[in-house]
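Read the structure below first, then the notes.
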Amino acid sequence: MTKEAHPEYPIHDLIANRWSPYAFDDRSVSEEDLCSVLEAARWAPSSYNEQPWAFIVATKDNPAEHEKIVSCLVEGNQPWAKAAPVLMLGCVFYQFNRNGKPNPAAEHDLGLASGNLTLEATARGLYVHQMIGIEPAKAKEVFGLPDGVEAKTGLALGYVADPSVLPEGYKERDLAPRERKPLKDFVFTGKWGEATKLVK
């Protein structure tokens, strides 16, 4: 299944073809592909090159570890995400290693790493669904996260499946068209809310 984007200006096919399914096939993701998407995250930019992120990864090849991540998702994400062959938690380090001071870019940099991961996955015919709907306190307990580190996001990774496999209430989300705000709604010049003349 594909979902077509309708960009206002030309963009790379990887960006146009990327979307976040709820329906995942049970086909396994190869270790080579999984390591490559994580390698892409490794090479994301970050403030002072601190790379203030970590990913906890579990595949269905190890059902107990996979279930541990499922248990850290909010109730609304568990019914569909448990089908994904790979689940991850994206974690952030809130202090700079270089001086112990707070790192205000930590969450931003985790987002950049996750973006790199997602584009590499798309290039390999894989799909990623990122989730803010996790239970950070549960993740801290289950995985023994140290002080100053917090699980911020969940990521489901795998091959897309037909929406008919989804539990009731989720199918419509995969069938809905992809929509985005127009550029004029969030690209400003001069003052807040004044659409830049760069865009039509």
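The values are calculated or read from the model by the stated rules, or taken from the named source; none is laboratory data. What you are looking at is a predicted structure, and each value in this text was computed from that prediction instead of being measured. When we count neighbours, we look across all protein chains shown, and the Cβ atoms used for this are built from the backbone with ideal geometry, even at glycine. Accessible surface areas use protein heavy atoms only, side chains included; no ligands, DNA or RNA. Shrake-Rupley method; radii C 1.70, N 1.55, O 1.52, S 1.80 Å.
Let me make sure I get this right: for the stretch 7-94, a, b and c are the square roots of the gyration tensor eigenvalues over alpha carbons, sorted descending. Under 1.5 in a/c it's rounded, otherwise prolate if a/b > b/c, else oblate. Which is it?
Details: a/c = 1.68, a/b = 1.21, b/c = 1.39.
Judged from the Cα gyration tensor, the stretch 7-94 comes out oblate (a/c at least 1.5, b/c at or above a/b).
Can you give the FRET efficiency for K197 and D162, using 1/(1 + (r/R0)^6), R0 = 45 Å, r = Cβ-Cβ distance, to the nearest 0.05? Intermediate results must be reported in sequence, preceding the final value.
On the way: r = 44 Å, r/R0 = 0.99.
E(calc), rounded to 0.05, equals 0.50.
Roll a 1.4 Å probe over the protein chains and send me the accessible area per residue for the stretch 13-163 in Å². Provide the component values of the computation, followed by the final result.
Values: 7220 Å² over 151 residues.
Value returned for the stretch 13-163: 48 Å² of accessible area per residue.
Taking the Cα centre as origin and putting +1 on Lys and Arg beta-carbons and -1 on Asp and Glu beta-carbons, what dipole magnitude results for the chain, to the nearest 20 debye? Mind dumping the intermediate values first?
Numbers: 22 positive and 28 negative charges, 155 e Å.
Charge dipole, the chain, about its Cα centre: 740 debye, nearest 20.
I want to check the label-to-label distance for E75 and L14. Put each point 7 Å from Cα in the C-beta direction and report it in nm to one decimal.
Placing both labels 7 Å beyond Cα along the Cβ direction yields 3.9 nm.
Counting Lys and Arg as +1 and Asp and Glu as -1, what is the net charge of the other residues whose Cβ lies under 14 Å from the Cβ of Y170? List each step's numbers first, then the result.
On the way: positive: K82, K171, R173; negative: E75, D162, E168, E172, D174.
In short, -2.
Which helices, counted as full DSSP H runs in the chain, have an axial Cα extent of no less than 20 Å and a Kyte-Doolittle average of -0.5 or above? Please list the in-between numbers first.
On the way: long enough: 106-123 (26 Å, 0.12).
Membrane-span-like by this rule: 106-123.
What net charge do the residues around V92 carry, taking every other residue with its C-beta under 9 Å from that of V92, with Lys and Arg at +1 and Asp and Glu at -1?
On the way: positive: K152; negative: E107, D109, E150.
Cβ neighbours under 9 Å give a net charge of -2.
Straight-line reach from K140: which lysines have Cα under 29 Å away, leaving out those fewer than 8 places along the same chain?
K60, K68, K82, K101, K152
Provide the FRET efficiency to the nearest 0.05 for the V187-E135 pair, computing r from the beta carbons and using R0 = 35 Å. Before the final figure, lay out the partial values.
Values: r = 35 Å, r/R0 = 1.01.
Between V187 and E135 the formula returns 0.50.
What order do T122, T189 take when sorted by accessible area (1.4 Å probe), most exposed first? Before the final figure, lay out each step's value.
On the way: T122 30, T189 75 Å².
From most accessible down to least: T189, T122.
Give me the number: length gained by fully extending R27 to A176, i.e. 0.36 nm times residue separation minus the C-alpha to C-alpha distance, one decimal in nm.
Details: separation 149, 0.36 × 149 = 53.64 nm, distance 2.40 nm.
So the chain would gain 51.2 nm between R27 and A176.
Once the dipole of the chain is set up with Lys and Arg at +1 and Asp and Glu at -1 on Cβ about the Cα centre, which of P146, P177, P167 lies farthest towards its positive end?
Most positive-ward Cα: P177.
Using packing as a proxy for protection, rank 143-152, 171-180 so that the peptide with the highest average count of other Cβ atoms within 10 Å comes first. Show your work: numbers first, answer last.
Values: 143-152: 15.2, 171-180: 12.2.
Highest mean packing first, the order is 143-152, 171-180.
Scan (i) 27, 25, 16; (ii) 25, 21, 18; (iii) 26, 21, 13 for the value of semi-axes √(5λ) of the Cα gyration tensor in Å calculated from this model and give just the label.
Correct label is (i).
Quickly estimate the mean residue ellipticity at 222 nm for the chain, helices only: each DSSP H run with n ≥ 4 gives -39500 (n - 2.57), and the total goes over all residues, rounded to 500. Please list the in-between numbers first.
Details: 7 runs with 60 residues, N = 200.
Helix-only estimate at 222 nm: -8500 deg cm²/dmol.
Give me the net charge of E150's neighbourhood, meaning all other residues with Cβ under 14 Å from the Cβ of E150; Lys, Arg count +1, Asp, Glu -1.
On the way: positive: K138, K140, K152; negative: E107, D109, E135, E141, D147.
Net charge around E150: -2.
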